[in-house]
Amino acid sequence: MKEKILKIFKIIVFTILLLVCVVGVYNVLAWKDTSGEYLSTMKQLYATPNNKIDAVFVGSSHVYCGVYPAKLWQDQGISGFNMAVSGMDKQSAYYDVVELLKTQKPKVICVDLYPSTFEEHDDQGNVYRNYLSKRLSKNAVDHVNSYIPREERSDYIFRFPIVHTRYKELQKYDFIPYEFNRYGRGDTYSDRIQETYFDESVVYNEETPEITESNREWVDKFAELSAQKGFALEFMLVPYRYTVNERLSLNSTIAYINEKGIPVTDYSRKMADIGFDGMQDFIDDGHLNNTGAEKYTEALMNDVLSKYDIPNHSGEKGYELWEEDHHWYDRKRIQAGLNATQDGYLYMTKLADLDEAVSIISLEYNYADESLGYFGMFEPLGMSYEEFSTGGKWIYADGVLTKISENDPAGQPFIYEINNRDSFRVMYRGDFNQENISLNKEAVMPAGYNVTVVTYDLFLEEILENRGF
């Protein structure tokens, strides 16, 4: 009897240990990327306290590039959230909202129309992004069954058959997870600019074919969910450069939405009204940059959200994630400001006023040639000419400039531990050598400049800027 009990005990212990190991391995291998980063929007949702989200924006990268919940919070204290995933398809839009409604009671949900322009993904990565991030549940299974071919469904439900192939691509953040609010409330931020041209004959094409059955079903399911769960439903179209065929699909879907009496706003036809500039407000043909997103978010506040009684939660306990998100937003705007600053003196002035950051400054080659005017740019940091004239490396932190090394090949590397993840390694291997400044052994110094500045943001936990003059 004792041997039988001991055997059962060993089996139980073995099973528990096996499950712990499997879960541990899965957490490392799990697909974490929904927007080009290591943190999925779904995990952001799961980390949000219950019944805190009042406005939801559903869609693809058009949404996470185009809607800034941080601006909603800044301007009106609205607790917004982007339920957005790269390449989001119709099925994912619906089942992701069902998942969100398990813990949230939003007043309004705005669904972008881009998913209505295609039936199948042409990028396998987007299939993984959309179908591997939910916790295992009936909704997750229903989601998989709605799109994935029958013979592949078990792989997407159990996931190990897919994610085990990630062994060769594992990186640091697979083992050390990002904080849940790392990338805002489901949004991203870019100050990159690409001139984007719009063909008005495509934008204002009025041809309206019969709506496809899948798009009709998609709209109907959202309408039923809205009535069942009591949230206001709005459809929208974030501006992007679409094709003629996509425009025809949009026309038929918008016509059907209008028939159903559901509010829908096609912002691709309102770009002039809200001040969009195709030469300034886009990252590429498909995505808004920071200036475009701020304009679009303000338009949403004025045209859509103003229709609903959405409370201002500014300063209210329980909304710390939105306060943190706003701080993230401010840091990204600071980063954009530094990127746009070309004058050396003005750059150093901004650096002197910057908090929550550590900068490494390097002077190499013929920086001491007074005709080049380098010394004057360091006045805001309080550098003496005596220090400047000998060159070397400095660290600027907490408003204090400290020399850490000379340009001496025989000198020992200077290690600066930033946090438990990252550290600077500063040395001199010759003028313009990119390894003179490294972050975690990865060279981060731009080559070919007499003066270089590498700035690490302590809040974002990433390189804020690396600049050469």
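The values are calculated or read from the model by the stated rules, or taken from the named source; none is laboratory data. As the structure is a prediction and not an experimental result, all values here were calculated from the model. When we count neighbours, we look across all protein chains shown, and the Cβ atoms used for this are built from the backbone with ideal geometry, even at glycine. Heads up: the accessible areas ignore ligands, DNA and RNA and are worked out on the full protein's heavy atoms, side chains in. Shrake-Rupley method; radii C 1.70, N 1.55, O 1.52, S 1.80 Å.
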Computed over the range 65-127, the Cα gyration tensor eigenvalues, each multiplied by 5 and square-rooted, give semi-axes in Å (largest first) of 24, 14, 10
With DSSP loop assignment and no more than 11 other C-beta atoms within 10 Å, the trypsin sites (Lys or Arg not before Pro) in the range 222-329 are LYS317
Rh (Kirkwood, all Cα-Cα pairs) for the range 342-468, Å, reads 14.5 Å
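Report the calculated FRET efficiency for ASN51 and ASP142 (r = Cβ-Cβ distance, R0 = 25 Å), to the nearest 0.05. Show your work: numbers first, answer last.
Working: r = 24 Å, r/R0 = 0.94.
Efficiency for this residue pair is about 0.60.
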Percent relative contact order for the chain, counting Cα pairs under 8 Å at least six residues apart, stands at 15 percent
Compactness summary of the chain: radius of gyration and Dmax from Cα atoms, Å, are 26.1, 93
Taking a probe of 1.4 Å and leaving out DNA, RNA and ligands, the range 342-468 shows per residue an accessible area in Å² of 47 Å²
Contact order relative to length for the range 386-427, counting C-alpha pairs under 8 Å separated by 6 or more residues, stands in percent at 28 percent
Between the residues ALA55, GLN434, SER306, the Cα farthest towards the positive end of the dipole of the chain, that dipole coming from +1 and -1 charges on the beta-carbon of Lys, Arg, Asp and Glu, is from ALA55
Relative to the chain, whose Cα atoms define the longest principal axis, helix 138-147 and its Cα axis are tilted in degrees, nearest 10, by 90 degrees
For the range 32-144, the Kirkwood Rh over every pair of distinct alpha carbons, in Å, works out to 14.1 Å
Quick calc: nm separation of the 7 Å Cα→Cβ label points for PHE158 and ALA223 -> 4.1 nm
To the nearest 20 debye, the range 342-468 has a Cα-centred charge dipole, built from +1 on Lys and Arg Cβ and -1 on Asp and Glu Cβ, of 300 debye
For the chain, the percent of accessible surface on carbon and sulfur atoms (probe 1.4 angstrom, ligands and nucleic acids excluded) is 51 percent
The distance between the Cα centres of the range 201-231 and the range 345-360, in whole Å, is 50 Å
Dividing the mean separation of Cα pairs under 8 Å (6+ apart) by the residue count of the range 321-454 yields a relative contact order in percent of 20 percent
For the range 282-357, the dipole about the Cα centre with charges only on Cβ (Lys and Arg +1, Asp and Glu -1), to the nearest 20 debye, works out at 140 debye
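Gain in length, GLN342 to ASN420, computed as 0.36 nm per residue apart minus the alpha-carbon separation, to one decimal in nm?
Numbers: separation 78, 0.36 × 78 = 28.08 nm, distance 3.29 nm.
Additional length available on full extension: 24.8 nm.
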Rounded to the nearest 10 degrees, the helix 90-100 long axis (Cα) sits at an angle to the longest Cα principal axis of the chain of 80 degrees
With bins of 10 Å, the percent of all Cα-Cα pairs of the range 224-327 per bin from 0 is 12, 33, 36, 17, 2
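Rounded to the nearest 20 debye, what is the charge dipole size of the range 368-434 about its Cα centre when +1 sits on each Lys and Arg Cβ and -1 on each Asp and Glu Cβ? Each step should come with its number before you reach the end.
Details: 5 positive and 11 negative charges, 71 e Å.
It comes to approximately 340 debye.
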Summed over the other residues with a beta carbon less than 14 angstrom from that of GLN74, with K and R at +1 and D and E at -1, the charge totals -3
